[in-house]
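Report on one structure; see the data block that follows.
The values are calculated or read from the model by the stated rules, or taken from the named source; none is laboratory data. The structure presented is a predicted model; accordingly, all values stated were derived computationally and were not measured. Cβ atoms come from the backbone with ideal geometry, glycine included; neighbour counts cover every protein chain shown. What goes into the accessible areas is simple: the full protein's heavy atoms, side chains included, and nothing from ligands, DNA or RNA. Shrake-Rupley method; radii C 1.70, N 1.55, O 1.52, S 1.80 Å.
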Amino acid sequence: MNMRMRIMAIILCGLSIFPLFVSARGGESTKAEQSGNSIFSEVDAYIAREMKRQHLPGLALGIVQGDRILFLKGYGQADSSGRPVTPETPFGLGSIGKSITAMAVLQLAESGKIDLDAPIQRYIPTKYSGAKSITVRQLLNQTSGFSQISTFSNTLSSISDLNQDALEKNAMSYAEKFLKQSNQTEHPYRYSNANYVLLGYIVQQVSGQSYGDYVKEHIFSPLSMHNSFVTLDEAAEHGLAAPYRRIFGYNVAYDGPYIFIPGDAPAGYLYTSAEDMSHYLIAQINGGRFEKDSVLSPEGIRLMQTEPVPGTYAMGWMTGRINDMPVIGQPGGSIGFQAQAYIVPEQQLGVIVFSNVLDAIDSTLFKSHIITTTHIASGVINIMNEQPAGGSFLSMTQKYLLVDGIIFILSVWLLYTLVRSAKRCIGPLNADQSRHHGISIKVISGIVLNFAGLFIILILSMTQVVPVWHIATIYQPDVIFWVKTMTVLMALKGILETIRLVRLSILVRRSRPVNH
């Protein structure tokens, strides 16, 4: 009997000690982990509050530390049917996908198939002289000199190209646009999707596989990313969250052509889930290893996460600080989707936040890379470190009150001037008005200005002279619709002023004395 009691005591002691060994895996623990489940209750409450403040239809959250997933949860609705978001629900990854492209390039570099410091002409079949002076490393670090604004026309023109060679066509279009002239000077960091489209094409050229097939075989598969996809059709078949835009503050489902642009896939059109991205963050934290598989060496991971110059761009990642803690992160955004990934290296902590709504107003003024999910992910990291979550940034209601308030004031002013012009146009005229308000440069200039807005809008809408106008139309259609409406009303005001001017001219002519 005593022997049985001793055995039971040993077993119970072992069971009580075992969790300590489990919790010690994966490096230094955060204060949050030591606090138990209460910290995740706080995270839950924070997410619920922010979803309401920011009018988010759905959200997925993953938190990892070391080689473990600490927390995974879906919130809200994936679509209008009420289907709930789960950790397995795919979302658009946006520009966070650039780090996946960078990983693919570095894998090929480690296998000896790519030299990071070789000119890209070695891997891209082009005769343009600029390909001789730009290296693969410069594309990875975004120091090629390419600009982002110049990529918008490609984005607009390639949406209808769903063929297998869409990436090749887009890459060669960028080659023609950016590589015609050789420039041997050093370029500062300058963000551009063109860099990563060309890198995706290099992956195709070197590996002998399509970019999508390579990523699925060499990244998604070893990282057990079973709900990650390289095409919209695949993602939709597996429960992709429906993308939404905001129309004057209301979430409206988007089913247009810009959800997926195959030619831009390596720069930001991949689809994945919070659970899968948790696997990816674990690999990023653990020197390229997830469970028993390794997708990149520890040296390759360090290279990915190291900026050549502080405050620039690593290889798919950028550095920053949250409450004075150094972090590595990247936001992602495509029409109807937004995401933010963060890694806190000192704590081996990673956070991924997805949501299925995005428009321009989600961005912080003058800092377009700081979006709603950026703030939320920062808040989660603060909570995990027993710090105030923050949340002092404007809510979506406050943002739209500001925007709608400005729109309302300007609309009332324009309608007032339109009514006044209508009264002056159809009202009685007298000789005194004809003497003081006849044809003059000031009057004619005012009429021309009334028509100028409509003329400019027609040029912008019917051509790609300014591609950013079309991008704004996609991401903020409510404001653009209001602008177009206002230009039509201004043109109507111009018509009324023209009619009044013609009437005044006739009155002046009739009031002149007749010479006999």
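Observations on the model:
- Built from the Cα atoms of segment 352-420, the convex hull projects on average onto 6.1 nm², one quarter of its surface area.
- Over segment 178-292, equivalent-ellipsoid semi-axes from the Cα gyration tensor in Å: 27, 24, 15
- Cα pair distances exceeding 15 angstrom across segment 247-314, given as percent: 71
- Helix 166-178 axis, angle to the chain major axis (alpha carbon atoms, nearest 10°): 60
- According to the Kirkwood relation over distinct C-alpha pairs, the hydrodynamic radius of segment 319-368 is 11.9 Å.
- For segment 232-339, the list of trypsin sites (Lys or Arg not before Pro) that fall in a loop by DSSP and count at most 15 other C-beta atoms within 10 angstrom reads Lys292.
- Take each peptide in 57-69, 460-472, count the other Cβ atoms within 10 Å of every residue, and average; sorted highest first, the result is 57-69, 460-472.
- Residue-span extension gain [Thr485 to Val309] - 0.36 nm each, minus C-alpha spacing: 58.7 nm
- For the chain, the solvent-accessible area with a 1.4 angstrom probe is 48 square angstrom per residue.
- Highest average packing first - 358-364, 260-266, Cβ atoms within 10 Å: 260-266, 358-364
- Taking label points 7 Å from Cα along the Cα-to-Cβ direction, Lys127 and Val252 give a separation of 5.0 nm.
- Rounded to the nearest 500, the helix-only mean residue ellipticity at 222 nm of the chain stands at -15000 deg cm²/dmol, with each DSSP H run of n ≥ 4 adding -39,500 (n - 2.57).
- Within the accessible area of the chain (1.4 Å probe), percent carbon and sulfur: 61
- Across q = 0.06, 0.07, 0.13 Å⁻¹, the chain modelled as identical point scatterers on its alpha-carbon atoms has Debye log10 I(q)/I(0) values of -0.38, -0.49, -1.23, in the order of the q list.
- Relative to the longest principal axis of the Cα atoms of the chain, helix 274-285 runs at roughly 70 degrees.
- D_trans [Stokes-Einstein, Kirkwood Rh over alpha-carbon pairs] for segment 225-364, 4 °C, 1.567 mPa s, µm² s⁻¹: 79
- Derived value for segment 298-392: Kirkwood hydrodynamic radius 13.9 Å. Basis is the mean of 1/r over every pair of different alpha-carbon atoms.
- R0 of 35 Å, Cβ-Cβ distance Glu291-His187: FRET efficiency to nearest 0.05: 0.30
- Fully extending the segment from Val448 to Asn37, taken as 0.36 nm per residue of separation minus the present Cα-Cα distance, adds 141.3 nm.
- Selection of chymotrypsin sites (Phe, Trp or Tyr not before Pro), segment 189-225, meeting DSSP coil and at most 13 other Cβ within 10 Å: none
- Label separation (Thr231 vs Glu88): 2.2 nm, computed from points 7 Å beyond Cα along the C-beta direction.
- Folded to 0 to 90 degrees: helix 372-384 orientation relative to the chain principal axis, Cα: 30
- A simple packing score, the average count of other Cβ atoms within 10 Å per residue, orders the peptides 341-349, 488-496 as 341-349, 488-496, with the highest score first.
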